[in-house]
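Asks: Shown below is the structure under consideration.
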Amino acid sequence: MQFLNTDFLENEEVKLVVERLADGNPDRNWVPAYYFHICNLHGTIMGTCDLRIGYNEGLYYGGHIGYSINEEYRGHHYAAKACKLLFSLAQKHGMDFLYITCNPDNIASRKTCEYLQGEFIGIVELPEDNDMRVNDGETHKCIFKFNL
């Protein structure tokens with residue numbers, strides 16, 4: 001996979017600035033990923049997001065997109081606005097759909113997925129050998145699917 005130019009990832013409120021790029025690691029079943037700072041148009045960092053490119057079983061549970069908004073910037077849909085930009089990058093990589101997952105008690109993340117009008121697949125139990133279960137003690141994930 002070749003990483004693409006991301007200069008177009010900007011709208012009227014936010015822009016995504018590459019923090020780093022990560023090659024996939026087939027031995028660990030990891031796909032290539034982009035990591036971004038979510039910034040306002042003046043360059044102030046308001047949070048972070050990432051996009052994982054490809055499909056595998058782990059992404060069903062872990063999701064293709066992750067995001068976090070710094071506390072002082074929450075409540076303005078910045079995560080959703082960043083996700084919409086990431087959707088366009090995923091399309092440029094030929095992806096047809098993405099999963100975004102969150103912990104069932106993460107109300108803010110669930111609201112972001114609902115705001116983006118994702119299809120709620122359900123709350124699923126993580127497999128016993130899943131890294132999030134083994135390393136972090138997580139047991140369930142809410143899964144949302146987004147057709148691009």
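Asks: Looking at the range 39-55, can you tell me whether even one residue there is polar (S, T, N, Q) and modelled with pLDDT under 95? I'd like the intermediate steps shown before the answer.
Replies: At the first step, the residues of the range 39-55 found to be polar (S, T, N, Q) are 40, 44, 48.
Cutting the leftovers down to modelled with pLDDT under 95 gives us none.
Checked the range 39-55: no residue is polar (S, T, N, Q) and modelled with pLDDT under 95.
Asks: Scanning the range 127-146 for residues that are polar (S, T, N, Q) and either in contact with a His (Cβ under 9 Å, 6 or more places away or on another chain) or surrounded by 12 or more Cβ atoms within 10 Å (Cβ to Cβ) (or both), which turns out farthest from Leu86 (Cα to Cα)? Step through it out loud before you land on a result.
Replies: Here is the first cut: in the range 127-146, the ones polar (S, T, N, Q) are 130, 135, 139.
With the extra rule that they be either in contact with a His (Cβ under 9 Å, 6 or more places away or on another chain) or surrounded by 12 or more Cβ atoms within 10 Å (Cβ to Cβ) (or both), the set shrinks to 130, 139.
Working: Asn130: 25, Thr139: 27 Å.
Checking each candidate, the answer is Thr139.
Asks: Let me spell it out: the conditions are (1) more than 26 Å from Leu9 (Cβ to Cβ); (2) among the small types (Gly, Ala, Ser); (3) touching a strand residue (DSSP E or B) at 6+ places or on another chain (Cβ under 6 Å), and Ala79 meets all of them except one. Which number is the exception?
Replies: (1)
Asks: If you don't mind, another one. Within the set of pairs 6+ apart or on separate chains, which have a first residue in the range 1-21 that is closer than 24 Å to Tyr55 by Cα, a second that is open to solvent by less than 100 Å² (accessible area, probe 1.4 Å) and among the basic types (Lys, Arg), and C-beta atoms under 9 Å apart?
Replies: Every condition considered, the pairs that remain are Leu9/Lys15.
Asks: Just to verify a result, which residue in the range 94-126, among those that are polar (S, T, N, Q) and open to solvent by less than 70 Å² (accessible area, probe 1.4 Å), is nearest to Phe144 (Cα to Cα)? Explain how you work it out, then say what you get.
Replies: Initially, the range 94-126 is screened for residues polar (S, T, N, Q), giving 101, 103, 106, 109, 112, 117.
From what is left, the residues that are open to solvent by less than 70 Å² (accessible area, probe 1.4 Å) are 101, 103, 106, 109, 112.
Numbers: Thr101: 6, Asn103: 12, Asn106: 13, Ser109: 11, Thr112: 10 Å.
Among them, the one singled out is Thr101.
Asks: Can you tell me which residue is nearest to Thr112 (Cα to Cα) among those in the range 25-65 that are open to solvent by 50 Å² or more (accessible area, probe 1.4 Å) and hydrophobic (A, V, I, L, M, F, W, C)?
Replies: Ile45
Asks: Oh, and also: Note down all Cβ pairs under 7 Å where the first residue falls in the range 99-112 and is closer than 15 Å to Lys81 by Cα, the second is among the hydrophobic types (A, V, I, L, M, F, W, C) and open to solvent by 60 Å² or more (accessible area, probe 1.4 Å), and they're at least six residues apart or on different chains.
Replies: Short answer, once both residue conditions are applied: none.
Asks: A follow-up question, please. Checking Glu12 against (1) open to solvent by 50 Å² or more (accessible area, probe 1.4 Å); (2) farther than 19 Å from Ala79 by Cβ; (3) not in a strand (DSSP E or B), only one condition comes out false. Which one?
Replies: (2)
Asks: Counting only residues that are in contact with a Phe, Trp or Tyr (Cβ under 9 Å, 6 or more places away or on another chain), without any contact (Cβ under 8 Å) to a residue 60 or more places away in the chain and part of a strand (DSSP E or B), how many does the range 115-145 have?
Replies: 6
Asks: Can you pull out every residue in the range 66-93 that is open to solvent by 60 Å² or more (accessible area, probe 1.4 Å) and either charged (D, E, K, R) or in contact with a helix residue (DSSP H, G or I) (Cβ under 6 Å, 6 or more places away or on another chain) (or both)?
Replies: Result: Glu71, Glu72, Arg74, Lys84, Lys92.
The values are calculated or read from the model by the stated rules, or taken from the named source; none is laboratory data. This structure is a prediction, so every number in the text was calculated from the model and none was measured. Positions of Cβ are generated from backbone atoms using ideal geometry, with glycine treated the same way; all protein chains shown enter the neighbour counts. These accessible areas exclude ligands, DNA and RNA; they are computed on the full protein's heavy atoms, side chains included. Shrake-Rupley method; radii C 1.70, N 1.55, O 1.52, S 1.80 Å.
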